[in-house]
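Following: one structure in structure tokens, then a few remarks.
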Amino acid sequence: MSSSLFHSPLYQKAMDILMLTRSISAYLHQDLSNLKSDNSENDFIYFSGDIVQQSVSLAPEIAKAEEARYSEKKHKHIASVKRLTYLLNKNIKRLEKCSSNGKDYLPLLRSELKKFKQLQRTWHLTL
């Protein structure tokens, strides 16, 4: 991995999103890990894990796109970053419906994801 990649605004924003999703997920986990009155799990707990998994995958996909030699490979990784961004947004919307105090931090994550999408458009054009 080239050192210039670590200074890339898109890569840095992906790392910011990763740190934020981990913090939010940990906060949500405390509220959502308790069983419901009928002893069933809260389904929202899975979405909190999903946002972490998706954000973990963002930076490596960016790196793979940057390092790919052939445009076909670049486009494959670019498409993966777009798909992960879409899924993150979708799961944030789902988590906004949960009954946890942690959902108050989701607008911050949504804002960071919006900035990421703007950087992503520029990045896509430069590859």
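Laboratory data are not the source of any read-out in this text; all were calculated from the coordinates shown. These numbers come from a predicted model, not from an experiment. All Cβ positions, glycine included, derive from the backbone under ideal geometry; neighbour counts span all protein chains shown.
Surrounded by fewer than 12 Cβ atoms within 10 Å (Cβ to Cβ), in contact (Cβ under 8 Å) with a residue 12 or more places away in the chain and out of contact with any His (no Cβ under 6 Å at 6 or more places or on another chain): is that true of Asn89 in this structure?
Judged against the criteria, Asn89 is not a match.
Name the single residue, out of those in the range 24-64 being of a type in the set (Gly, Ala, Ser), surrounded by fewer than 17 Cβ atoms within 10 Å (Cβ to Cβ) and in a helix (DSSP H, G or I), that is nearest to the chain's Cα centre (by Cα).
Among them, the one singled out is Gly49.
Looking at Lys73, is it over 19 Å from the mean Cα position of the chain (by Cα), assigned to a helix (DSSP H, G or I) and exposed (fewer than 14 other Cβ atoms within 10 Å of the Cβ)?
Here the answer is yes, as Lys73 does meet what is asked.
From the list Arg121, Arg110, which one is free of Cβ contacts under 8 Å to residues at least 24 places away in the same chain, under 23 Å from Leu5 (Cβ atoms) and surrounded by fewer than 19 Cβ atoms within 10 Å (Cβ to Cβ)?
The conditions single out Arg121.
Within the set of pairs 6 or more residues apart or between chains, which connect a residue that is under 13 Å from Arg110 (Cα atoms) inside the range 5-17 to a residue that is part of a helix (DSSP H, G or I) and of a type in the set (Lys, Arg) with Cβ atoms less than 8 Å apart?
Final answer for the pair search is Lys13/Lys115.
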